[in-house]
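The values are calculated or read from the model by the stated rules, or taken from the named source; none is laboratory data. Here the structure is a predicted model, which is why all the values come from computation and not from measurement. Note that each Cβ is placed from the backbone with ideal geometry, even for glycine, and that neighbours are counted across all protein chains shown.
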Amino acid sequence: MFTASHETLLWVRKDKKARHTFNYDAMRNGHFPDDFIKKPDKQMRSIWAIGTPKNGEKKYGKHPTQKPEALLERIILASSNEGDSVLDPFCGSATTGVAAIRHNRKFVGIDLEKEYLDKFAIPRIKDELVRKNSPLSNTKPLHVNEEHVVYGCCHNS
């Protein structure tokens, strides 16, 4: 039996007239030292060589589907600009959020499992905000408000 070692990326837009972002120069000229497939100053290929999450990325434990930061960083750099909002509706360990914050994007993360938010996502995002010396590192919007939110889904009252 083969082990699945790939990820599928979906590129969607709100409507047919919506514009998308693709930062061609950042992908062509970006520095991706761990990717032996990416050749310097050449167009980015559709196959990337990115390893599993590094040990430091698992500081708060192992999430069953945690992605490497290098993968999410490349996706975010390719498909958004500084100041853009990034949504991850299955944020799990918040690797997308960490990469978004690291590259000056806003982040919205949703997960149905409160345990993942409490154990992985919130501590990792707070760590990244502290690392960036962000004034948001001491704010309270990083917790789950159970009166209005059921782990990422709105109440229908």
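Points worth noting:
- E57 in a helix (DSSP H, G or I) and within 19 Å of D88 (Cβ to Cβ): yes
- Within region 67-88, considering residues that are within 10 Å of the chain's Cα centre (by Cα), outside any helix (DSSP H, G or I) and not charged (D, E, K, R), the one surrounded by the most Cβ atoms within 10 Å (Cβ to Cβ): V86
- Pair list, Cβ under 9 Å, 6 or more apart: region 19-44 residue part of a loop (DSSP other than H, G, I, E, B), other residue modelled with pLDDT of 90 or more and acidic (D, E): T21/D84
- Checking M44 against (1) surrounded by 11 or more Cβ atoms within 10 Å (Cβ to Cβ); (2) at pLDDT below 90; (3) closer than 24 Å to I110 by Cβ, the condition it does not meet: (3)
- Pairs with Cβ under 7 Å, 6+ apart, first in region 52-74 and without any contact (Cβ under 8 Å) to a residue 24 or more places away in the chain, second buried (at least 19 other Cβ atoms within 10 Å of the Cβ) and assigned to a helix (DSSP H, G or I): none
- Here T65, T96, T3 are screened, and the one residue that is polar (S, T, N, Q) and modelled with pLDDT of 90 or more is T96.
- All conditions in (1) in contact with a strand residue (DSSP E or B) (Cβ under 7 Å, 6 or more places away or on another chain); (2) not in a loop (DSSP other than H, G, I, E, B) hold for C91, with the sole exception of (2).
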